[in-house]
């Protein structure tokens, strides 16, 4: 009997849904084992009934629930709770659902400041007040799904990898456990590390020193070259079975998109420690809170105190 | 008639002292009967350079009102450069404290050698008084 699958998306970009497609040919086998009962991006199953006859949003029961996106409005919060009620196993798909993601950078500002900037101060917007009719209210800040409901499986990444989604769904359907790596990106990175910086902090406008096409184990660690590589504070896994982290493969420093190495970790403190340890000057970073919590803003970023 | 005894705030101070110099200095302070406040809890680490910023931030957000990182004087580190690493990390920690709503005065890096018993006692006395003036950590509800 096919397992029923429901999917919802909140404060998203849609990249994680595209990643499901990127599973490629194995997706055909996977689709035979699931019956999708609700998935806004894909099918026309409506929340208030097919003719809008219901008064409350309803999601059908399912064995597997996928949620992408962080919680930014009251509607997202209600849907997250409904998904939790109706789905036996709930998966947080992508870093937005797991940690808040890019939308959680908004947590650096109060909702008042955000609305004022967008609807009052933006030069190209007609000043007609904040939208409030038929529009769900914003939550006081962006939440990760796990902050609002219990999540059974977390799949970080921005986007997550086809291997991870495919692997997690297959494991679930076969009754096997699925766990995340507990190591950092540095543990999977092949570059040469000598624990001392060769330069002061540099922006990515300059290219790193490497020989194009040469194996990555001949390149010097990007952080030691002076670039802000979030590897030390980021969970490994983006490289999949091949191993090498995705951004490093492109000779670029790690963005940090897989989020913190563990749920309680503090990436900003880890990165400030890592940078200062090899001799880089953390005072030169203008916005460390956002730079080191780029994908993990829910619960870690808050508005700066007014001086 | 009951006597209302007001509890004066007594800060919880954590001192991370390196095994080779600072802890020995603290030990000497004890043996020499140098008086210093009982608020200080000393934790022996092998080198001040092994103190990850996370340890300091965690201490300050989980019950400590002040943290002192003590190491060997520059040039004297048992592991050559560990204390220099500690110095750089201390800079990063001081930068970050306001991000956590903590006053910079709640953290200090100090060099204490194995023979500096009285200096260790003086350092702890002054730091405890400093933290006492600041009041309890904002993380204490």
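Values quoted throughout were computed directly from the atomic coordinates according to the rules given, and no laboratory measurement underlies them. Bear in mind that the values here come from a model prediction, so they are computed numbers and not experimental data. All Cβ positions, glycine included, derive from the backbone under ideal geometry; neighbour counts span all protein chains shown.
Points to keep in mind about this one:
- Extending 7 Å from the Cα toward the beta-carbon at both residue A:242 and residue B:41 defines two label points whose distance is 4.8 nm.
- Gaussian network model of chain A, springs between alpha carbon atoms under 10 Å - residue of A:73, A:144, A:236 with greatest fluctuation: A:73
- The stretch B:86-113 and the stretch B:11-32: distance between their alpha carbon centers, rounded to Å: 18 Å
- Largest first, the extents of the alpha carbon coordinates of the stretch A:182-296 on the three principal axes equal 35, 32, 23 Å.
- Separation of alpha-carbon centers, the stretch A:96-116 and the stretch A:123-194, rounded to whole Å: 14 Å
- P(r) tail, the stretch A:135-200: Cα-Cα pairs separated by more than 15 Å, 72% of all pairs.
- For the stretch A:42-129, projected area of the alpha-carbon convex hull averaged over all directions, nm²: 8.1 nm²
- Choice from A:95, A:122, A:296 with maximal GNM fluctuation in chain A (Cα, 10 Å cutoff): A:122
- Three principal axis extents describe the C-alpha atoms of chain B; from largest down they are 62, 39, 18 Å.
- In the protein assembly as shown, helices alone account for a calculated mean residue ellipticity at 222 nm of -8000 deg cm²/dmol, with every DSSP H run of four or more residues adding -39,500 (n - 2.57).
- Within the listed set B:33, B:106, B:89, the residue fluctuating most in the Gaussian network model of chain B (springs between alpha-carbon atoms under 10 angstrom) is B:33.
- Here the protein assembly as shown is described by how far its Cα atoms reach on the three principal axes: 84, 77, 52 Å, from widest to narrowest.
- Taking 7 Å steps out from each Cα toward its Cβ at residue B:33 and residue A:216 produces label points 6.5 nm apart.
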